[in-house]
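The values are calculated or read from the model by the stated rules, or taken from the named source; none is laboratory data. Since the model is a prediction, treat every value here as computed from it, not as a measurement. Please note: Cβ atoms are built from the backbone with ideal geometry, for glycine as well, and neighbour counts cover all protein chains shown.
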Amino acid sequence: MRKTMIICCLIIFLCFQVPTYAANIELNLEADKQNYIVEGQGQKIEIYVKLGNFINIPEKTSLGFSAMLAYDENIFENVNVSAVNEWNILYNENSHILQGDTQKANSNTTIAKIELKLKGQTTKRNERTIIRLKNIIISDGNFEIKQEKEIEINITNSTVEETTQQIKEISVLTGENSLKAMTSSSENERLPNVGLQKKLIIAIVILLIAMIIFRIKARKIK
């Protein structure tokens, strides 16, 4: 009986001494590029959903995930999600819920591509926006990992700069034309004044000459 108790205690002790390792995996968001230049309507931004390193998870394992896609609806008007590398992907446009699964999950691979279409009318020259995957749950049926991920994108709208430049050019031209019109108007106003002054001087000279002639004739008569 005593030996049995000792063996049981030894087994319990060994169980506590054996290290246990939790399974872990990360879901990441990556962009094709961080800075986008908008040159027209209908341009799209591409975001990739990727798996990171597997910790205590075998390659080619069954895996599933779900998450909520969050983005600025004042900047983007349409979202399209497609599966990559033998994953099955479903996206609900109303709830923005993204779900996927596969029988052959591998570490460090892309599992989905998210295309966000920019709205045609944007007023800002530079826009900074954040795209998020919220309430991420990754599971193989035995473990469950919860995460949240986000990525920041800078958007430069070149059409806004061109429009502003055109407005400035129009303003400058309008200002120059106004100045020319004012100068021309001033010159036209001055011309009649100059002519009137000349006529007045001539009239005075003629009047003086007439007075002199009249006096000379008056003296001769006397």
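In segment 36-67, the residue that is farthest from residue 102 (Cα to Cα) out of those that are part of a loop (DSSP other than H, G, I, E, B) and of a type in the set (Gly, Ala, Ser) is 40. Looking only at segment 150-160, filter to residues that are farther than 30 Å from residue 64 by Cβ and assigned to a strand (DSSP E or B); which one of those is modelled with the lowest pLDDT? Checking each candidate, the answer is 157. Please specify each residue of segment 124-153 satisfying the condition of being under 19 Å from residue 56 (Cα atoms), surrounded by fewer than 16 Cβ atoms within 10 Å (Cβ to Cβ), touching a residue at least 40 places away in the same chain (Cβ under 8 Å) and within 30 Å of the chain's Cα centre (by Cα). Correct list: 137 only. Restricting the first member to segment 82-100 and to residues that are of a type outside the set (Asp, Glu), and the second to residues that are assigned to a loop (DSSP other than H, G, I, E, B), the beta-carbon pairs closer than 6 Å and six or more apart or on different chains are 85/109; 100/87. Being under 24 Å from residue 154 (Cβ atoms), out of contact with any helix residue (DSSP H, G or I) (no Cβ under 8 Å at 6 or more places or on another chain) and either surrounded by 14 or more Cβ atoms within 10 Å (Cβ to Cβ) or modelled with pLDDT of 90 or more (or both) is a description that does not apply to residue 77.
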